[in-house]
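Read through the structure below, which is laid out as structure tokens, and then see the notes.
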Amino acid sequence: MLAGYSFRPRRWPLALAAVACAAGIVLGSWQARRAEEKRALGAELDQALEAAPIEISTTPVENKNLLLKRVAARGEFVAERTLFLDNKIRRGRVGYEVITPLKLARSSLHVLVNRGWIEAPRSRDVLPEVRTPAGETRVEGLALGRLPHALQLKEDLQSRVRQNVDLGAFAADTGLALQPIVIEQRSDSGDGLLREWPRPDAGIERHESYALQWYSLAALAVILAAVLSFRRIG
């Protein structure tokens, strides 16, 4: 005990410190869990990409059996149905992700393929020219449940440039029968598109940094509560 001081905590400062400490621990733990979840997803991705590809069936599949698996499909691209996902950044440049349905060989089914990124022309009124392989081709990549989703107010479904592409809406709009997955293409098709895909474990360091900050806040709340609880005698 400090000479001339007594430990007499006040109710309200102690309560506020307890709330701040609890909040810091809860939020720090949440950020730590997010880091671990992303680390697990990154490990799952690496494992999937090292495995042999699963051939996409020419009959309807369940996406839960293929999600985050390396897959392959053979068929012909339907170039006239190509869409462009807008506002995609690569290496500090703005461009589009190119989405084209692939008609599966010996089947009436199609699968959407996110083929890669292309830089936007100077004029946004002009679409970039994309080379699409003619004839039957083989595509390998990662199976996803949907395309990247961005916030939007209203979408022009007649435009080839979109903020979002929903599988169900695309199937209804085009009349194409789709497999319930999207292939994030990893194989080279000689089309010049950039295939540097964001990893699910990106940002782990940021979550760990936030967790440390929240835990530090919790510790600071305890220290301040203890210091302020000492009052001079007399």
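Any read-out appearing in this document is the output of simple, stated calculations on the displayed coordinates, not a laboratory observation. Fair warning: this is a prediction, and the values are worked out from it, not measured in the lab. Every residue, glycine among them, receives a Cβ derived from its backbone with ideal geometry; neighbour counts consider all protein chains shown.
The table below lists the values:
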read-out	value
Check: region 143-234 dipole with +1 on Lys, Arg Cβ and -1 on Asp, Glu Cβ, in debye	640 debye
Stokes-Einstein D in µm²/s, Kirkwood radius over Cα pairs - the chain at 25 °C with 0.890 mPa s viscosity	115 µm²/s
Loop trypsin sites (Lys or Arg not before Pro), region 82-146 (other Cβ atoms within 10 Å of the site Cβ: 13 or fewer; DSSP)	91, 106, 122, 124, 131
Cβ-derived FRET efficiency at R0 41 Å, residue 36 paired with residue 119, nearest 0.05	0.70
Relative contact order [Cα under 8 Å, 6+ residues apart], the chain, whole percent	32 percent
P(r) tail fraction, region 44-139 - alpha-carbon pairs more than 16 Å apart, %	63 percent
Percent of beta bridges antiparallel (DSSP, region 55-185, rounded to nearest 5)	80 percent
Fluctuation leader among 47, 213, 163 - the chain, Gaussian network, Cα springs under 10 angstrom	213
Relative contact order (%) - criterion: Cα under 8 Å, at least six apart; region: region 55-185	32 percent
Nearby aspartates and glutamates by direct alpha-carbon distance to residue 88 (threshold 19 angstrom, same-chain neighbours under 8 apart not counted)	97, 119, 125, 129, 155, 156, 166, 184, 191, 196, 201
Where only C-alpha atoms are counted, convex hull volume of region 16-86 per residue in Å³	172 Å³
